[in-house]
1. For chain A, what is the relative contact order in percent, using Cα pairs closer than 8 Å and at least 6 residues apart in sequence?
2. Placing +1 at every Lys and Arg Cβ and -1 at every Asp and Glu Cβ, with all other atoms neutral, what dipole size does chain B have around its Cα centre, in debye to the nearest 20?
3. Between B:E51 and A:A418, what FRET efficiency comes out of the Förster formula 1/(1 + (r/R0)^6) with R0 = 41 Å and r the beta carbon distance, rounded to 0.05?
4. Give the peptides A:105-111, B:83-89 in descending order of average Cβ contacts within 10 Å, highest first.
5. Given the DSSP H assignment, sum -39500 (n - 2.57) over each helix run of at least 4 residues in chain A and divide by its residue total; what's the result at 222 nm in deg cm²/dmol, nearest 500?
6. Can you pull the Kirkwood radius for the stretch B:8-97, inverse mean 1/r over Cα pairs, to one decimal in Å?
7. Kindly provide the pair-distance distribution of the stretch A:1-106 built from C-alpha pairs, with 5 Å bins from 0 and whole-percent values in order of increasing distance.
8. Across peptide A:100-112, how many C-beta atoms of other chains are within 10 Å of each residue C-beta, on average?
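The values are calculated or read from the model by the stated rules, or taken from the named source; none is laboratory data. On a predicted model such as this, the values are computed, not experimentally measured, just so you know. Because the Cβ atoms are built from the backbone with ideal geometry, glycine has one as well, and the counts that use them run over all protein chains shown. The accessibility values were calculated without ligands, DNA or RNA, using every heavy atom of the protein model including side chains. Shrake-Rupley method; radii C 1.70, N 1.55, O 1.52, S 1.80 Å.
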Amino acid sequence: METQWLPISQIAKQVQAGELTATALVSQSLKTIEQKSDYKAIIAIIDKPALARAHEIDARVAKGEDIGPLAGVPFIAKDNFLVFGADTTAASNILKGFEAPYQATAINRLEAAGAVCVAKANLDAFAHGSSTENSDFFTTLNPVDKTRVPGGSSGGSAAAVVLDMAPFALGTDTGGSIRLPASFCGAVGYKPTYGLVSRSGVIAMASSTDVIGPITRTVEDTALVLDVLSGKDPLDATTIEVDNRGYQNLAEPSIPQRIGVIKEYFGEGLDASVKKSIDAEITKLKKAGHKIVEVSLPSLPLALACYYILCPAEVSSNLSRYDGQRYGYSSKEAKSLDDVYELSRTEGFGKEAKRRIMIGTYVLSSGYYDAYYRKAQTIRTKLIQEFEAAFKQADYLVGPTAPVTAFKIGQNQQDPLAMYLTDIMTVAANLAGIPAISIPVAAANQLPVGFQIMAPQKHDRDLLMLASSIERMNK
Amino acid sequence: MAKLSVTDVLKLAKLSKIQLTKAELDEFAQELSAILEYAEQLASVDTGDLEPTVQVTGLTNVTRPDEIIDYGVSPDRLLKNAPAKQDGMIKVKRVLE
């Protein structure tokens, strides 16, 4: 992929050495954002504060201060991250005009490392979706084909990276929302182990699967950003200890690694042209000396149904805070307390949010809780056990990120279920809490294809090692 | 079990504090039924005596000392987005009749 940006490590080095200025970099980013505005990847631009921060960084460099591993690097954040300098909307009318009272830990960490947030990227409202068509504001266009979706829900973030607006963007992945748009747009999308990166200050969707992660052009860049993002946070009690070797300086994995090809991801429903690209990549791995093994996780076909019970259940809980009382849209028509709740939510929420809230309410309601919610949680256990068994036979599990390439805008809008099926290969990693990456491989009919690699929980370093090795191999 | 009637959807909407038009009620009844029917495939799976998974970190009882921490966020900032305020408090409609 052609780019105007150096690798992130080099950008930071040159800024620290005074060879590049943060101001020039931020200006470059803002200019590209402006030039590519017809793709509608961006909801809000943080120009003045970003330039102010950039000037401040340049002044500190001049004084000989150490800025950090991301010195002067511009980045774009999905609009479900709380960031100062622009509204945080989650692409929903119910949060239009909402000003973040504090920033997400992830944003604070990136800023402490010298990075500068320049814009907020478009998403499916509240991250509910696989195409960014559920944004209450507008649909982002795929950088490779303007008639197609960029994938979702982090469609704006993935498009922004491929459109060269910034060296990296932040996304969130609850059922595939980083990996899928990365796959559709041709970027690298990383889903860390659940708990590796703090979710504090990120608008919650499904709290038992939500993760945040970087979208970049290269695996090397992802590793560097992950290094800065990861680590226990007292503000997020679900964060875990990290690998103290960090995620950079990745050695070549020893040969052979056992690469498990997931049988269930190669059945009916997988587009033939996508299969061709994935098979070609697996053949390359074999030629490189790795051992290819076929693994089966018999419960995988149930993962999507499981996810579409658990996720809406958690969504219905997490979205109950949007009540028109303390922040967000509050209906002026409301006369009674109940009016405030009902009218604000009715007028503020989009259709998909309402759909998911109601499904969640149904599966959690008395009489149905055991049959749906508890059952789904038990299937989740089964799936986790099958992953553990598979990881005894293989060090990594691979397959396509999605069964298709980017579909046309409007194609799946009439059928919510058809839209949900796009996630069929990504949800399992979220249910199991394991890390997964999507890297671009050979295009199918000139559209980007994502190759997905998964590793056991907390094996993020191993995963990045293999992905990095494949990236070098594919050059 | 999964065929939702308009009455069912109305009940769910009420519980979710959302109002729906007649057209939306019909539409949602169909869409939600289809989604739930898809999810029904879980019902026939034998999960023996497997325990439900509630979270995947394995962490329990993560605590911190009971001390005040200054996060540098002022009450003014936190109240900035409130639709109605009075004397540093959020103003709401009458709660008790």
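1. 17 percent
2. 780 debye
3. 0.75
4. Top to bottom by mean Cβ count within 10 Å: A:105-111, B:83-89.
5. Mean residue ellipticity at 222 nm (helix-derived): -11500 deg cm²/dmol.
6. That comes to 19.7 Å for the stretch B:8-97.
7. Pair shares across the bins are 2, 12, 19, 20, 20, 15, 8, 3, 1, 0.
8. Mean inter-chain Cβ contacts per residue within 10 Å come to 1.
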